[in-house]
1. Working out 0.36 nm times the residue gap between LEU245 and MET199, then minus their Cα-Cα distance, what length gain in nm do you get to one decimal?
2. Out of the DSSP beta bridges found with both residues in the chain, what percent are antiparallel (nearest 5)?
3. Can you give the FRET efficiency for ARG103 and LYS154, using 1/(1 + (r/R0)^6), R0 = 41 Å, r = Cβ-Cβ distance, to the nearest 0.05?
4. Going by a ≥ b ≥ c, the root eigenvalues of the Cα gyration tensor, does segment 92-208 fall in the rounded group (a/c under 1.5), the prolate group (a/b larger than b/c) or the oblate group?
5. Can you tell me the length gained on complete extension of the stretch GLU230 to LYS394, counting 0.36 nm per residue apart and subtracting the Cα distance?
6. Please give the calculated 222 nm ellipticity per residue for the chain, where each DSSP H segment of at least 4 residues contributes -39500 (n - 2.57) and the sum is spread over every residue; nearest 500 deg cm²/dmol?
7. Report the Cα centroid-to-centroid distance between segment 430-461 and segment 277-343 in angstrom, as an integer.
8. Kindly identify segment 268-401 as rounded, prolate or oblate by the Cα gyration tensor criterion: order the square roots of the eigenvalues as a ≥ b ≥ c, call it rounded if a/c is under 1.5, otherwise compare a/b with b/c, prolate if a/b is larger, else oblate.
Amino acid sequence: MPQIGLVSAVNLRVQGSSAYLWSSRSSSLGTESRDGCLQRNSLCFAGSESMGHKLKIRTPHATTRRLVKDLGPLKVVCIDYPRPELDNTVNYLEAAFLSSTFRASPRPTKPLEIVIAGAGLGGLSTAKYLADAGHKPILLEARDVLGGKVAAWKDDDGDWYETGLHIFFGAYPNIQNLFGELGINDRLQWKEHSMIFAMPSKPGEFSRFDFPEALPAPLNGVLAILKNNEMLTWPEKVKFAIGLLPAMLGGQSYVEAQDGISVKDWMRKQGVPDRVTDEVFIAMSKALNFINPDELSMQCILIALNRFLQEKHGSKMAFLDGNPPERLCMPIVEHIESKGGQVRLNSRIKKIELNEDGSVKCFILNDGSTIEGDAFVFATPVDIFKLLLPEDWKEIPYFQKLEKLVGVPVINVHIWFDRKLKNTYDHLLFSRSSLLSVYADMSVTCKEYYNPNQSMLELVFAPAEEWISRSDSEIIDATMKELATLFPDEISADQSKAKILKYHVVKTPRSVYKTVPGCEPCRPLQRSPIEGFYLAGDYTKQKYLASMEGAVLSGKLCAQAIVQDYELLVGRSQKKLAEASVV
């Protein structure tokens, strides 16, 4: 769903307060928490570890004294909810079993050296599970930062700004397993089980879909929809439910068959009123793929609904407790290196050098050095890989199909204000604006970014195709106009109310592939027709969306293919050595 995390290897250029990611081509107050921690005009992370200490306020008197002395009155309350019960779901157990196969596989007599391009989540996942299987991954990252589409940077003030707004869902079984395997489950800050939408017709007001804890799926989702009468009328809910019946009855085969039709056309075909699309699915479409319903493949929406509504906690959201490179990517790197693997930054690939038989000989880096291995993986975004695709491979159908997969532009905006905004939540918010997709007050939702006196809004600006070449000031001006409708009492476009202290704009002209109708058949399997060459990345074939979950699963499937091909790859390596000795 919203900026669910993506994988990339792109160049970073910083200009003033803007980072440009270019491809090579171009809530309630005064309530008591579960552990007795009183939240009264305070910000408290109840029952969980902060970056270095527990943020707990035990008594009302202590709260009052501290606020008067240090903070001033606040109304935003931040509570960490317990990790939901995910471990017994079918999808979680399936993901856990796949992880276990790497640890349980026979130790190779000759560990393979696998060269992997791209240290986003796809590449990191590939390397992690190959290392678990006893092999020696060599992970190459073009930039000096880990994470690809979950990369982040620290500015001169020590504040972090990110490539995207990253949300971790309960319906992400491979991500959830990965956190558990690394021993970092406590780094996810779970939020209340709700979806919160701004109301454009009522500036400053929000409409909620609250999922009751007592009911199983999909009844909890059905009740959440039925109880909300602000966005859809009862006749619209009935027509929408009838329209969804084929998807519920037809299962996965029906979902896959909807790849050829857009969301808007599918809704009309099923007799669902256009207002349903406008009220709900514009927001969903922009959150899922940064484009509007008239462009997005309906398959994408149905996959999301299937994943998020079929599990009780599927749509429950968590924020990472800090910046992704350090809090998520570094534990993966440490795991890889503890098992003998390598991770090298500033190692940009210039060319894929081929043998006479068309297989990969080595990767040539920008500094002229070469990296050889027993197998090779490209875990960069599809746009980057297409730029480096060898001429000899371009006529192969497997690679020809990639031409239809093109990255979508997206812009991530961070704005630091001179005050604490009151009209916000400790949660992800769907803006339902013409320019913005989702946003969050990261000074509340994320422990490392916590600030008791000032808000930092992180916003996804989408669709961004018409804005990607515009100046930062134009983007900020447009964003402020939109924010004035979300915070009418606190923000005005001319900054006569809340004032901007600073901002960062991160542009990614080629993000996840644009999920337009007809793309699904073009997504490649991880094992390519070239012996010893593999692909990873959320654009490759896997059952989840272009997301962090999709990236991690693609890496596991890529590692699985390499482990399955072990004997073939060892034989190729021995043959290469024999030929070299003869020469």
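Just so it is clear, none of the values below were taken in a lab; they were calculated from the coordinates. Keep in mind the model is a prediction, meaning the values are calculated, not measured. Every residue, glycine among them, receives a Cβ derived from its backbone with ideal geometry; neighbour counts consider all protein chains shown.
1. Difference between extended and current length: 13.8 nm.
2. 70
3. Computed FRET efficiency for ARG103 and LYS154: 0.75.
4. oblate
5. Computed gain between GLU230 and LYS394 is 53.8 nm.
6. -9000 deg cm²/dmol
7. Taking the Cα centre of segment 277-343 as reference, the centre of segment 430-461 is 17 Å away.
8. Since a/c reaches 1.5 but b/c is at least a/b, the shape of segment 268-401 is classed as oblate.
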